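Encoded as structure tokens, the structure appears first; notes follow it.
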């Protein structure tokens, strides 16, 4: 049974509203008399169609079109149809260009009214379905760039998926090198502002006197060196997202002005007289404990709560070591593709990591997190002999065991963890790259598991070498069909 369509009539004439209800007997029809009432009803509503009479704003065409634009902004999923007494062709053209699906003459027969509204309702349903499917694709592609399948990462990805669909301000907290900007870009890419600009800025990069002008812009002559007007990053990000990294480093003066921006949704350029309205989503990030800064009086408490509408904590790499094989495969695949692209010809680049090297990667604490892992692998790839990264290649870049941790017993470093060949022709395709990376990850993990089992002949000892729990190794042995000696189980 098809869903009942919901129509909002924006018209101050009670007789006209009654006529609309008579023409649409199978639909649920509500009515309001003024544009403010319409906006209030439409926010967060499920109306399929809005019937707008331009006369509710006094019959002025420009004002009517301004109301139409506002309705489309507040409720983009609601299709707007103009109905008016003897609408002119000129106004009809302008209204449809402004976003109205159709223009109806109030004197039209009930059958014609019903036909237009049914068509508008169907059009809206199809548009919503297209946006939903497109959003699913974008979410799949966007989240695919965030690597990790550990329990912590699955929880994080679930939060990001939900948060991205809203327009709330987000505060991302995590150590340096954990990928906070990547998460911010992902939130933008899979959210409703994905077609708008994404502007990233490091708040610790400039002195307070320059930071204000960089963020909010300035007028010509506002200070020494201001030889021309500058729009500022907030206006550059209008309609999109601004990412404010290292937000904990901003000066108290800038904190005050940023608070006003978040409250009033407007900025005031340095040296300017009038505020400028903006429509920007703010995603901030910090590696500092902002609550501690608030307690010490170094950060405004009201600004903290404005920023932390949705706080997201990013786990450090040492707490998600099960993701290291997947991250390593992704980093090497990306670096290998970049090396070939840069050289314009075939360039030697590692295609394998030994089990002993992988065990050392997973034993390290990674104070620099993913950024340090990427640097270590990139340097080891350059310094290694051949196409396999071995444990001693990691030693060349000073990769030491954490303090107090037992050294790994000396073993032959010959077991290769082969990465599958990468089809460079597909590296530009987000979905293709994710599929390739997933296959590489499975190959790396299975090979590392088999190598450790062959060396140890004991799952418990192999689990220690790989830095995983006993429960995990038995689960993985079953998933990959491996016996206790690393061979395929019968």
Applying a 10 Å radius around every beta-carbon, put 169-180, 372-383, 321-332 in order of their mean neighbour count, most first.
321-332, 169-180, 372-383
Give, in nm to one decimal, the length gained when the segment between residue 26 and residue 263 is fully stretched (0.36 nm per residue of separation minus the Cα-Cα distance).
81.0 nm
For region 202-264, what's the relative contact order in percent, using C-alpha pairs closer than 8 Å and at least 6 residues apart?
38 percent
Spin-label model distance (nm) - residue 375 vs residue 228, 7 Å beyond Cα toward Cβ:
3.7 nm
Once every Cα of region 145-315 carries one equal point scatterer and solvent is ignored, give the base-10 log of I(q)/I(0) from the Debye formula at q = 0.10, 0.12, 0.17 Å⁻¹, two decimals.
-0.38, -0.54, -1.04
When only C-alpha pairs under 8 Å and at least 6 residues apart count, what is the relative contact order of region 145-315, in percent?
32 percent
Simple spin-label estimate for residue 40/residue 155, 7 Å along Cα→Cβ, in nm, reads 4.2 nm
Rounded to the nearest 0.05, what FRET efficiency is calculated for residue 256 and residue 91 with R0 set to 41 Å and r the Cβ-Cβ distance?
0.35
Cα shape, region 6-133, gyration tensor, a/c 1.5 rule
rounded
Between residue 276 and residue 166, the two model label points (7 Å from Cα along the beta-carbon direction) sit apart by a distance in nm of 2.9 nm
Full extension between residue 479 and residue 66 adds, at 0.36 nm per residue less the Cα distance, a length in nm of 142.7 nm
Want the number for residue 18 to residue 219: 0.36 nm per residue separation, take away the alpha-carbon distance, what's left?
66.9 nm
Region 13-67, Cα convex hull volume normalised per residue, Å³
83 Å³
Hey, for a label at residue 308 modelled as a point 7 Å past Cα toward Cβ, could you say which residues of region 255-290 have their backbone N under 20 Å away?
255-263, 282-290
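Every number in this text was worked out from the coordinates using simple rules, so none of it is lab data. The shown structure was predicted, so the numbers you read here are calculated from the model rather than taken from an experiment. All Cβ positions, even for glycine, are placed from backbone atoms using ideal geometry, and neighbour counts span all protein chains on display.
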